[in-house]
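Input: a single structure, listed below in structure tokens.
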Amino acid sequence: MTVVDYMNDEDLREWRSMTPEEHIIQHLGYSIMSVRDLLPYACDDGRPMPIDVALACREAFYLHARIVAEFFVRMPKQDWTARDFLPDWAPPER
């Protein structure tokens, strides 16, 4: 099953009408929100939670952090990057 299998007809029509760029921005926004929201759970701050939940939060945090970093900084040639939206984009100097 895919995400499309869980959509109602109206959501599915909207999803199918989106441009590739709109899909990328939607996914990027989700990854940015995930980095923001998962940070407290990804850090070892003694929160009472089962170890498997803590590890899942940490893994999800790093996965989404990598997606954001690749979009804005690493910019692999085979993927969509910030330059596809802002051709003059340059990552910050290290």
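The values are calculated or read from the model by the stated rules, or taken from the named source; none is laboratory data. Just so we're clear, the structure is a prediction, and the values are computed from it rather than from any experiment. Note that each Cβ is placed from the backbone with ideal geometry, even for glycine, and that neighbours are counted across all protein chains shown.
Details
- Test: residue in the range 81-93 that is hydrophobic (A, V, I, L, M, F, W, C), under 23 Å from Thr19 (Cα atoms) and outside any loop (DSSP other than H, G, I, E, B): yes
- Taking first residues from the range 59-87 that are within 18 Å of Cys43 (Cβ to Cβ) and partners that are outside any helix (DSSP H, G or I) and of a type outside the set (D, E, K, R), the Cβ contacts under 9 Å between residues at least 6 apart in sequence or on separate chains come to Phe61/Cys43.
- Which numbered condition Met7 misses (of (1) exposed (fewer than 11 other Cβ atoms within 10 Å of the Cβ); (2) at pLDDT below 85): (1)
- For the range 9-25, the candidate set comprises residues that are in a helix (DSSP H, G or I), of a type outside the set (D, E, K, R) and touching a helix residue (DSSP H, G or I) at 6+ places or on another chain (Cβ under 9 Å); within that set, the residue that is farthest from Gln78 (Cα to Cα) is Leu12.
- Each residue in the range 70-89 was checked for being loosely packed, with under 14 Cβ neighbours inside 10 Å and over 16 Å from Ser31 (Cβ atoms), and 6 pass.
- For the range 55-69, taking the residues that are buried (at least 16 other Cβ atoms within 10 Å of the Cβ) and under 13 Å from Leu28 (Cβ atoms), the one that is farthest from the chain's Cα centre (by Cα) is identified as Ala65.
- Restricting the range 31-54 to residues that are touching a residue at least 12 places away in the same chain (Cβ under 8 Å) and closer than 10 Å to His64 by Cα, the residue that is farthest from the chain's Cα centre (by Cα): Leu38
Conditions (1) within 30 Å of Trp89 (Cβ to Cβ); (2) part of a helix (DSSP H, G or I); (3) among the charged types (D, E, K, R), marked per residue:
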site	(1), (2), (3)
Met33	yes, yes, no
Asp37	yes, yes, yes
Asp52	no, yes, yes
Leu55	no, yes, no
Arg58	yes, yes, yes
Phe61	yes, yes, no
His64	yes, yes, no
Val68	yes, yes, no
Lys77	yes, no, yes
